[in-house]
Every structure is written in structure tokens, then in C-alpha cells.
1. Within the stretch B:43-51, identify whether any single residue is open to solvent by 90 Å² or more (accessible area, probe 1.4 Å), within 7 Å of DNA strand C (Cβ to nearest atom) and either farther than 21 Å from residue A:119 by Cβ or at pLDDT 95 or above (or both), and answer yes or no.
2. Looking at B:189, B:185, B:166, which is the one that is on the phi < 0 side of the Ramachandran plot, facing chain A (nearest Cβ under 7 Å) and among the charged types (D, E, K, R)?
3. Do we find that residue B:34 is within 11 Å of DNA strand D (Cβ to nearest atom), more than 14 Å from chain A (Cβ to nearest Cβ) and in contact with a helix residue (DSSP H, G or I) (Cβ under 7 Å, 6 or more places away or on another chain) in this structure?
4. Considering only the stretch A:111-153, state which residues are of a type in the set (S, T, N, Q) and surrounded by 15 or more Cβ atoms within 10 Å (Cβ to Cβ).
5. Filter the stretch A:194-206 down to the residues that are modelled with pLDDT of 95 or more and over 25 Å from the mean Cα position of the chain (by Cα) and list them by number.
6. Of everything in the stretch A:125-164, what is among the small types (Gly, Ala, Ser), farther than 18 Å from residue A:66 by Cβ and part of a loop (DSSP other than H, G, I, E, B)? Give them in sequence order.
7. Could you check, for the stretch A:66-79, whether at least one of its residues is modelled with pLDDT under 95 and closer than 23 Å to residue A:189 by Cβ?
8. Among the residues of the stretch A:26-42, write down those that are within 26 Å of residue B:116 (Cβ to Cβ) and open to solvent by 20 Å² or more (accessible area, probe 1.4 Å).
Protein chains: 2
Amino acid sequence: MERKRSDQKTRAPSGAAVQSVELTEALYRALFAEWAEHGFSALSLERVAARAGAGKAAIYRRWPGKLQFADEAINTIALRMAAFEDKGSLEADVRAFHRRLRSVFRHPLVRRILPDIYAEVARSEAMEAISERVAQTRRDEAAKVIERAIARGELPGALDREIALDFLPCSIYWRMMVTRRSLPDAQLDLYAQGTTAAIKALASAP
Amino acid sequence: MERKRSDQKTRAPSGAAVQSVELTEALYRALFAEWAEHGFSALSLERVAARAGAGKAAIYRRWPGKLQFADEAINTIALRMAAFEDKGSLEADVRAFHRRLRSVFRHPLVRRILPDIYAEVARSEAMEAISERVAQTRRDEAAKVIERAIARGELPGALDREIALDFLPCSIYWRMMVTRRSLPDAQLDLYAQGTTAAIKALASAP
DNA sequence: TATGGATGGAACGGATCCGTCTCGACCACA
DNA sequence: TGTGGTCGAGACGGATCCGTTCCATCCATA
């Protein structure tokens, strides 16, 4: 956006000319917009270039193909689901986690691109790496919630963490992304309540 | 498959010629196979016809376009998630429901096509009707589970049914379809346990 | 058995996309 | 002020797809 830094492309010899950061970012934005409109499998780099006001060469000069382009694009937005502080109880932490999730799932591009990533992974496995990276930050944050509750004594150390991590986001994902219904503040408590009970129930009587 | 019945297309005048039921079914099968491979948005009717060993005219004579074709195709497979009998308790019913869900989510075509439907709905709304019909049978069956529990006295009549219906399938969908992990028998109990606790918790102290 | 009519398969023109390549213009460095 | 590399733009040959049209075949009726 600001000053153009010397890029990695400029190296030994002498001459100049640097890949424009503005153009690269415009290409990323155009990619996401087209991705949201048409889905990855029907994504046309020709349209992406046109939308960014560039030629196709600008794309092929930077990335070898659609997948690597998408991969780096996802990387740049960094997916920071910033950590939140300890809320004092499992249920309060769950509610905070759900609120974070909701703010992510409300983003219009996320609403279209995220389901498309999952659909694409199901049929091609080439998107696996991207999907994995997207899941990672969320999973890390979720794990913290569980570990804090164990440290607090709210959950036993013998808890099946794998399944607990499934219960943490699933209800919000289902409601907002699969059934596509909005999630008003008034109902956040109920989801946190149910989710907390589910996780606690995993620990009791096998 | 068997004898060819006089079709609805043969009517008043005199002449004959009937649409072949075999070909129609072959077209459906080819559609699903291509859908699973490429996704709906990148679906080519040309490939579908070729895969069915037919010409494109065979498709365009039957359906006006891709969407209506897909719509009737989904209709024919009927989506019967046959009702199961009362298992005696909410948790047992939940487990039975999860088992049914698992058998559906294990089908290789379902694993690829269902996420694609959700991705498509997110960006075009034209698939809404199809998605809605797919959801309907599952929702009906889930509602029965909840109502039976209320009749049994396990859940209060004042329960928030909307959210209870979210909790019923969400953990299984998340595990099998989003994170794409298998679900062995040994873990079915834990999911049923957690899900049941979540639903019961919706009723208590607001 | 003769015949009318819809059938299925193939070919059509127009459109889009891919990935490459070639321009003149431009800009940052030496 | 040179000079080398990137810039946007566009053309390319080949491939694929759309939706329609053509034509020989086959079938149910008369």
C-alpha cells in the first residue's frame, strides 16, 4: 500500500523494475472476488486479471498456476483469529470463542469461499494444504480453551480432546454456514450453554 | 430398467417413439459422477452426455438446463432416510440418528456432492430449492427424535426446538464432512452422549 | 405391413478459457 | 542519462463448452 520496498525479485545484476505491490494486492482482491462468485473449480484467471485491470501475464509472471496463486492469497490474509484472554470459566470461554467464530463467519467472502474450499477438498485433495492451514489457527485457539478448562479443574485431564475440539465449533458452523441462518446475540448464550454441556458430558461415565 | 412403459410423452395423435427410461437413468448416473468430479459450477453437460454414451440433444430434449436437470436428478434418488423406531431414550435415539447420518455421509457421492451443494447455495441461491429438499427429510427425522423425548418427559415442552435441531446433526457433519475424519463405532457413543447433554442443557436455567 | 413422428448421435457456429508470446511504455537503479 | 526488467495490453493456437440443427433410425399405431 505505502512505499514500494525493493522486492525479492530484484537481485544481483543492476537494472531495476520491481513487481508492483499494489498490483499484487489488486490481483489477490480480484481472486477472492471471483472465487466467491464462481467457486474455485470454475475460476478463470482470465477474469481475475481483467477484474484487477491487468493482463494475464501479470498473473503467470507471479505464480505458476491457479492453485499456487490461491495458496499464497490465503496466506497473505493471515487468518489471524487473535487470541482472547481467559474469561474465567469454560462456558465464558466457549461464548467468547463462538463470538469470534461468528464475526469470521459473517464476512461475505468467508461465507462463500470457506464452503467452497471444503467442497474442493472433497473432490481433489489438491486444496488440502490450504484447508489445513485455514483450520490450524482455529484449532489452536480452540485447544487453548480446552486446556484452560482442564487447568481450572472444570474438565478432567483424561478428556477425549479430539472430540471436545469437534464440539467446540460445530454448532456455530452448522447454523451459520450450512443452514445459513443468522445468529443474534440473544442466542449466543444458548449455544455456549449446550456446547459446554456437551464437552463436560464427554468426561463423565463411559 | 425392465420393460419400457408407455411414457407421458406419447399422447394424442398416432405415431410412436418414446423416451428411453434406460437412457434417462444413465444420464442421471453420469450427472452425479461428473458432479462429484468437477462440482456443479464446473459441470459440463457435454461431458455428462459423453459419459452416458449419448448426444447432448438427449439432455436438452428432457430438461431446459443444468439446474433443472440436477433438480430432477436429486428428486429421483428420493433421499429416503427411512424412519427408525423409538429406541426408548433420547440418547439411544440420538445414537440411532447419528448412525443413520453416518451411513449417508459414508457414501462416496454424498461426500463430494453434498458439500458442493452448500458451496453453490452460498454463491448463487439458485440451488436453494435443491438444498432445502435435501435438508427436509433429515430435519423431519430429527424433529421426531426431539418430540419423542418431550413426550417421554426427558425434555421440557418449552425447549427451543430450533437450536435443539442444530445440535442433533452438527457434530457428525463437522467431523465427517468438514474435517473429513472417519467415525468408528467406538466413538458413536461419545458423540451421542455429548449431543444429548447439549440438548438437555438448552432446557435448564436461562 | 406401411407410415408418421419422435428419437439418439453427430456436427455446427459462437463464445470462453488456457498458457504463451510479443509489443511499446515506464520506472528504478547505476 | 543509460539500461534492464516489469508493466498493461492484446493476439495466438488449441481446447472445451454451449445450445441448436441436421439426419438416419426405430417404434407404435393404423
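1. Within the stretch B:43-51, not a single residue is open to solvent by 90 Å² or more (accessible area, probe 1.4 Å), within 7 Å of DNA strand C (Cβ to nearest atom) and either farther than 21 Å from residue A:119 by Cβ or at pLDDT 95 or above (or both).
2. Working: B:189 fails: facing chain A (nearest Cβ under 7 Å); B:185 fails: facing chain A (nearest Cβ under 7 Å).
Sole residue among the options that is on the phi < 0 side of the Ramachandran plot, facing chain A (nearest Cβ under 7 Å) and among the charged types (D, E, K, R): B:166.
3. On the way: within 11 Å of DNA strand D (Cβ to nearest atom): yes; more than 14 Å from chain A (Cβ to nearest Cβ): no; in contact with a helix residue (DSSP H, G or I) (Cβ under 7 Å, 6 or more places away or on another chain): yes.
So residue B:34 does not fit the description; no.
4. A:124, A:131, A:137
5. Of the stretch A:194-206, the ones modelled with pLDDT of 95 or more are A:194-202.
Once the filter is applied, which keeps residues that are modelled with pLDDT of 95 or more and over 25 Å from the mean Cα position of the chain (by Cα), the stretch A:194-206 yields A:197, A:200, A:201, A:202.
6. Residues of the stretch A:125-164 that are among the small types (Gly, Ala, Ser), as a first pass: A:126, A:129, A:131, A:135, A:142-143, A:149, A:151, A:153, A:157-158, A:164.
Next, from what is left, pick out any that are farther than 18 Å from residue A:66 by Cβ: A:135, A:142-143, A:149, A:151, A:153, A:157-158, A:164.
Those that are among the small types (Gly, Ala, Ser), farther than 18 Å from residue A:66 by Cβ and part of a loop (DSSP other than H, G, I, E, B): A:153, A:157, A:158.
7. no
8. Correct list: A:28, A:29, A:32, A:33, A:37, A:38, A:41, A:42.
The values are calculated or read from the model by the stated rules, or taken from the named source; none is laboratory data. Since the structure is predicted, the reported quantities are computational estimates derived from the model, not experimental observations. FYI the Cβ positions are ideal-geometry reconstructions off the backbone, even for glycines, and counts take in every protein chain you see. Heads up: the accessible areas ignore ligands, DNA and RNA and are worked out on the full protein's heavy atoms, side chains in. Shrake-Rupley method; radii C 1.70, N 1.55, O 1.52, S 1.80 Å.
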